[in-house]
Each structure stands twice: as C-alpha cells, then as structure tokens.
1. Residue check: is B:L213 more than 24 Å from B:V416 (Cβ to Cβ), within 13 Å of the ligand (Cβ to nearest atom), more than 14 Å from every other protein chain (Cβ to nearest Cβ) and of a type in the set (A, V, I, L, M, F, W, C)?
2. Just give me the residues in region B:141-167 being open to solvent by less than 20 Å² (accessible area, probe 1.4 Å), within 12 Å of the ligand (Cβ to nearest atom) and in contact (Cβ under 8 Å) with a residue 40 or more places away in the chain, in sequence order.
3. Kindly indicate whether A:S41 is closer than 18 Å to A:T199 by Cα, touching a Phe, Trp or Tyr at 6+ places or on another chain (Cβ under 9 Å) and either without any contact (Cβ under 8 Å) to a residue 60 or more places away in the chain or not in a helix (DSSP H, G or I) (or both).
4. Counting only residues that are surrounded by fewer than 21 Cβ atoms within 10 Å (Cβ to Cβ) and touching a residue at least 24 places away in the same chain (Cβ under 8 Å), which one in region B:323-342 is farthest from the other protein chains (Cβ to nearest Cβ)?
5. Please verify whether region A:49-58 includes one or more residues that are in a helix (DSSP H, G or I), in contact (Cβ under 8 Å) with a residue 24 or more places away in the chain, more than 27 Å from A:R26 (Cα to Cα) and in contact with a helix residue (DSSP H, G or I) (Cβ under 6 Å, 6 or more places away or on another chain).
6. Take region A:144-165 and flag every residue that is outside any helix (DSSP H, G or I) and within 16 Å of the chain's Cα centre (by Cα).
7. Does B:L249 satisfy the criteria of being open to solvent by 60 Å² or more (accessible area, probe 1.4 Å), among the aliphatic types (A, V, I, L, M) and at pLDDT below 95?
8. Which one of B:I521, B:I506, B:I475 is more than 16 Å from the ligand (Cβ to nearest atom), more than 29 Å from B:R206 (Cα to Cα), outside the structural domain of B:I257 (by TED's automatic domain parsing) and open to solvent by less than 30 Å² (accessible area, probe 1.4 Å)?
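The values are calculated or read from the model by the stated rules, or taken from the named source; none is laboratory data. Given the structure is predicted, the values throughout are model-derived calculations rather than measurements. Counting neighbours? That spans all protein chains shown, and the Cβs are built from the backbone with ideal geometry, glycine included. The area values use the complete protein model at the heavy-atom level, side chains included, leaving out ligands, DNA and RNA. Shrake-Rupley method; radii C 1.70, N 1.55, O 1.52, S 1.80 Å.
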Amino acid sequence: MIPSRVNLINVLVPVKRAIDYAVKIRIAKDGKGVDTTVKHSMNPFDEIAVEEAIRLKERTKAVTSIIALSIGPAKSVETLRTALAMGADSAVHIVTPEAPSPSSNPEPVNVAAAIKAVIDRSKAAGADKAIDLVIMGKQAIDDDSGSTGGMLAGMLGWGQGTFASKLDVDKASGKVEVTREIDGGLSRIESKLPIVVTTDLRLSEPRYASLPNIMKAKKKKIESLKPEDLGIDLSPRMSVLSVSEPPKRVGGGKVENVDELVQKLKEGGIV
Amino acid sequence: MQRTSLALARRAIRSTRTTPAPILSTRHSTQIRFASALPPRSSAFAQLTESNITDLRALLSAPTSLMSTLDGSASEDDLRPFNDDWMNKYHGKGQVVVKPKTVEEVSKVMKYCWDKGIAVVPQGGNTGLVGGSTPIHDELILNLSNLNSIRSFDTVSGTLTVDAGAILETVDNELASHGHIFPLDLGAKGSCQIGGNVATNAGGLRLLRYGSLHGSVLGLEVVLPDGTIWDGLGGGLRKDNTGFDMKQLFIGSEGTIGIITGITILTPKRPSAMNVAVFSLPSYEAVQKVYTETKSHLGEILSAFEFFDKQAYDLVRRHQKEGGEADRKVFETEGEFYVLVETGGSKQEHDEEKLQGLLENLMENDLILDGVLAQDTTQYHSLWKLRELIPESAGKSGSVYKYDLSVPVPKMYSLVEKMRARLSESGLFKEEGGGRIREIVGYGHIGDGNLHINICADKYDAEIEKVIEPYVYEIVAAERGSISAEHGLGVMKAPYIGYSKDQTSIDLMRRVKQMFDPKGILNPYKFIL
Ligand SMILES: Cc1cc2nc3c(=O)[nH]c(=O)nc-3n(C[C@H](O)[C@H](O)[C@H](O)COP(=O)(O)OP(=O)(O)OC[C@H]3O[C@@H](n4cnc5c(N)ncnc54)[C@H](O)[C@@H]3O)c2cc1C
C-alpha cells in the first residue's frame, strides 16, 4: 500500500551554534559585539526543537525523516553532529564566513530566506522528500531577535504555532494542535500541515547524546552548501552601532542591628 | 599541671570504652565503644556561666558575633544548626556560638578559653561527616564563617591567600574569573569552608588530577590553643627546606591542635576545555578495565574518574523525580555500575580527539553498555549531578551510616557486597525492600582507591550499629586498607583508629596533641583519644 501524504511528514529543524548558555557574556573590545572566543553549543531552544522532532517521530510514527539545518561558519558542523547524535536523520550546512561576533551573524530575514530555499528545494525533489513541518527555537540566545520563525511562516504562506509548550500531530488527518504559552495562561490552536512551530522552554527536555549515536553521527555525511548554491544572498542590511552592559548594581552594606537599619533607611530618605 | 588536666580528660573519655577489639589484637590496641554511647563530659573543663558570656562579648567587635542561650541572646532552636551535624546524627549541647570577625578576635577568644579551661570546638561549614564539627557536650562553638575574605591572589604564580571561613564555591568562582581553579572540589562546595577542607585534609573529586592538600597548601596561619597567632603563611614559597614543615601537622588535624585562620594555596590554571562522559557498565570488572583504558587514552587530561553502583544511580534518579525535576532520559541501556569520566585540558579539539579514541575503543571492545557525553555546559553540570547528588539523596532516604574507606582498587567493591550479605543475614536488609535498612549504596573515587558505602536505615540505633561496626573496619583491616580515606576520625571513628594505625603511630600522635594542647581544650572527645 502506498502511504498517504500525511503519513510522510518530513521535519526540518534549524539549529544554531550559539555561545553556551552557561558562559558569562563579555563585550568585545570594539564595543560592537561580544567576545566569541568562548565555549559554543547548540542554542537551547533549538535543542528542544530537535528533541521534540525526535519525540514526535517516536510517538506518532508519522515522521519519515528529521533534517537538521544550520546556517553558519565551519564550526556549525559540531552543532549539526549533536543534532544527528540526538537522533536527526540527515543534516544540511549552509556555510557562511567566520563571523567576528553574533551581531554579524546573518540577519533573521536572511536566515528565514535560506530556510525557505531549503524547503523549496525539498519540494522540487519530489512529494516524498517535501518538508511539511518546521520545528525551530523561538529565539537564539545570542542576538535574541526572535523573529525568524514568524518571517519564515510568512514567506512560505504557512500557518504558525509560536512559543509552543505542547505539540500534537494527528497522523490520519494531518491536523496539528499547538499549545502556546501566552501571558498568564495557555492558548490552543489548530492548523493543518504544513506549519512552522517555534519552541518554548517547557515543550520538552532534551536528551543526552548517547555514545553509540555520537559514533554513528560521526560517520553520517553532512551536506554542505554555499548560499549561491541556493540562489540566496546573506548580505546584511543593518549594522550594529554598539553593544553595552546593563549598569552595574551598586553593592549593599550589612547592618548590625535594627537601630542601625532604621538609621540607614532614614539617611536614604526611605522612611 | 596542664599535663594532669589532659590526662584527666583523656581518662574520662577512655573509661567509656567497653569491649576490647575482637580481632587482630596486636595491631588494634584501641578498644571499642559504640558511637551511640558517647564519652561522658570531662570535669576538667569549666562550665560556662553568664559572666563568661559577658567577658567574651567584650572581646568581640560586633554584638551579633556571639549567640548564647546563657544570656538570652539566642534560643536553643537558634543554636541547633551549630549543634546538629550535617547527617543529623550527632547532637551537641553547646550553649554559645562565637563568630569572630578577625584573626585577633579568634586569638582573644582562644586565650580566654585557655585561661578559663573552656573546651572549644572549631567549626567551619559544618558539613563534616564524622561528627567532628559539633560539640559532644557543652563545648564552646568557635565558628569561622565571619572570617571569610579573599586576602590576595597573585595572577602570575596562581598563589591565593584566603581567610579560613571563605566558602569553597565562592572562592572557586572568584578564581574562575582569573582563569584559575581551586585544586579541590567536592559535593559540599556550596557550604564547606577552606579552613574546614584543610582541617579535614579533604580529598574530593579532583584529587586524581591535582593531588592532596598536603601538596598544594603552601602556608597556614593558625591560632594555637593558648591564643598565640602563628603566622606560617610564609611568602607562598613552593620550596622551603628550613626545618620541620609545621603546616603539614595542621592539615588533617580536625581542629584538635589549632584554629586555622588563613591559608595560602597554589591554584592551577583552570582548564578551558572540559568534557564529561558517563558510562553504564555490566560489572565491577568492567569498571576496572575501563579505568585502565581511560588512563592510557587520556593521560594528562583525565581529571576525574568516579564510579557508582546501580543502587546509587537509582536512588539519585528517584530523588530527582521526587524533587519535581524533569525526567530527562540518560541511558538506553542501564547497567550494574556507572562511571563518570571528566577531562580538563586547554584545547577542545585535542581533548575531543583523545576522548573519541577512548570511546571508540570502549564501544568496540564491549566494555560499556551505553554512555552519554555532555554536549554543552548545562549537560556537563547535570551529568555531574548524577554523582554529586548521591550523599544528599541517601540523606533524604533515611538515617545514613557513612563509611569512607580506602582499599586496593580490585578489592573495593567486594566490601559493599560483604556488607550487603551481612545485613541481609541479620534480617535488617531485604533485597526486595521492607527491611530496617532501606538502601546500601557504593560509590567513590576509583582513581584514589577510595570507596564510600552509605547504609540508609530507618533510624540511628545501637542494634544496627552493632551489626555494621566494627565488622566494616575488620574487613578493611584485612585488606590493609584505611578506615577513613578522607572524612577523618572525628567522634565516629576515633575509637577505631587501631584498625589502620599501629601503636607507635598512635603514641606519636598523642605526643603531638599533648605538645600543642596540653590542656586538651581543643575539640575534646574526638580524633586521638
Ligand atoms: C555532600 C557532601 C559531600 C562531601 N564530599 C566529600 C569528598 O568528596 N571528599 C572529602 O574529603 N570530604 C567530603 N565531605 C566531607 C568533608 O570533610 C567536608 O565537606 C569539608 O571538608 C569540611 O569542611 P567544613 O568547612 O564543613 O568543616 P566542618 O564540618 O565545619 O569541620 C570539619 C572538621 O574540621 C574542623 N575545622 C573546621 N574548620 C576549622 C578551622 N578553621 N580550623 C581548625 N579546625 C577546623 C572541625 O572542628 C571538624 O573537626 C563531604 C561532605 C558532604 C556533606
């Protein structure tokens, strides 16, 4: 029996190599970016996206393939390997020149265009290769733009479920239900495939990459493309003027007893 | 005169010991008493009165530096955190806590106690595991937590001088900002103090890499029992062969011969590339093989090699789940044993290549069942938690009898098996659950031949203790091991020193104690009896 269209979901998960979440950020010497000579890892929201794609595959059996995509310098390959080790099936790398700081990373609109180009290419490769679901981080923790997912959905003319804390795909009908985290509550939306879903923290807890999978991931081929191969241009439209730290907190003092506390409060004009 | 009072105190303590050690009597001259029956108070020490409190207050710059039930400045409840030990096993009856802010204040307080014959227990973060940091009776608690500044750091040599009361984690964070690392790390880092670490000669998780404090401590400042301040900080010299190396005596002295107030220590460069992997393994034999392979593949970048058994792993996972932590999948295939390997180097690519070689070897030779490798710093910390949370998780599941033993690596795990067998035979432990003993878990620092056995019971009592002790020490002595690899003697193991040390060593130690503290006022009833 030939499986019906909805039985063959191909999921695309864009992943970004970003400064490790636990690293203390320091401003770069030129004041236009941050110091990038520090540990990098997969953007945490993207890690959640990879996890959710794998869980969706395990849970619904409706996913045929999970494709990880990274747009970034040579070292983004490490991030793709992590996605493969977690359980992605294949990986595509759009190589960009080494960026001196996160602010000189490709702009969200260009990233969205690049993702769209990969999706268009998948459609051209045949119905069984077409990507119909994108699960991606709601934002990257380095430049905090948070706009790529929305722009991508707009460019593709797809539905979007942003800030997802729960995702359900009905295999038979191709219906997608997304629970979204909104201010002070939850909102549930329903849509048909294709759709762009962006992840919130509570969507899933990423698994560790297991050694057997890390080994297998080492051997998997990562498709490497130049922007020109996809007919896209990643040149920036904006330039960063400056990056600055929040004002330093002035340290408090300790008081010995209540009397001293009251006196200090009076001095400060608080009581 | 001074001699007599120490002798008096000691006799009082010794008189409580009852049954003679049942085995190997020539080596183990020390006699047995059960920890649940603590030595009685020695009449050699003064009873504190309100007037002592008034005098002591006058020595301190801040009124909050003294809390006492004798003058109503504190309630018994207020003093409980200082009287109860970390395991909630030992409960002192101290009536006063003094927290000096300067070395001079420590000195004045000690001189006063010396003159008046007041017994004193030095206290750091109170995370010690042998009942050494809390009073047995009404000893004055001299707590170092207010003496907590970082005095200096030399970025060129990495030499750090700190007050004894500085907290390990705080100091390490400060060092991190200079690209250095404290050469000691342990699960209690958020509470324990550098002074306490030195006083217990703590070993911890990175001894394998950085060696013991006997090597890294360059100098100490100590207030002697009579209040004399000994400035042994020196110039932070690495080499100095002018006479006896006095500081060594204080490292591991557990607060019995002086109050450590300042420490100069050599801190290494912080590795810029850290990796951690955890493996599941089928047997203890596999643990040993993996250890050998790991050493030959990783060489100088290996910074920790820790093992824990299935029981310990399950306990931590349950504890995490009960704490409401998200259930993050770790292994596809779980094992009978787990091993955590950490590397620390200066070049990520180089370390990864080495680690990769090791992993391939372990997998190809079927030495491990499964394994995970941290992909980012968050995962690095959560994998470490699997090991670091064992003591805490054990504590949550009952009253814990803790043993910290040193035996040759091939024999290590057999001790856990022997304890399981003995406690099962006695009917206290049932494999399927429901016994008075709830858990028996084994874990430790393979690299140092150091095994921890935690036995979680429904409560501490003499019945259980009699089944465990001195049996556990006998099986260690039979392997010529140490009954205390890193936690020290405190009150818990003081009676059993004979299982690891001969009479001549014990006599020498008594003479050292006598020389520094002829009145016996510092941390009495403990350590060397
Ligand atoms: C979760 C956990 C994990 C641990 N892991 C390890 C480990 O891996 N390796 C290891 O070796 N230990 C370990 N320990 C025990 C270890 O001995 C202590 O954590 C630590 O070294 C003690 O420091 P502290 O400041 O809490 O000292 P305390 O507990 O306050 O005191 C310990 C002893 O030192 C004396 N003392 C304290 N400060 C001074 C001072 N300034 N001058 C003179 N004497 C002093 C006290 O009188 C007492 O005898 C662990 C403990 C816990 C709770």
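1. yes
2. B:I141, B:L142, B:N143, B:L144, B:L147, B:V162, B:D163, B:A164, B:G165
3. Against the criterion (closer than 18 Å to A:T199 by Cα, touching a Phe, Trp or Tyr at 6+ places or on another chain (Cβ under 9 Å) and either without any contact (Cβ under 8 Å) to a residue 60 or more places away in the chain or not in a helix (DSSP H, G or I) (or both)), A:S41 qualifies.
4. B:E336
5. yes
6. Listed by number, the residues that qualify are A:D144, A:S145, A:G146, A:S147, A:Q160, A:G161, A:T162, A:F163, A:A164, A:S165.
7. Details: open to solvent by 60 Å² or more (accessible area, probe 1.4 Å): yes; among the aliphatic types (A, V, I, L, M): yes; at pLDDT below 95: no.
Here the answer is no, as B:L249 does not meet what is asked.
8. Exactly one of B:I521, B:I506, B:I475 is more than 16 Å from the ligand (Cβ to nearest atom), more than 29 Å from B:R206 (Cα to Cα), outside the structural domain of B:I257 (by TED's automatic domain parsing) and open to solvent by less than 30 Å² (accessible area, probe 1.4 Å), namely B:I506.
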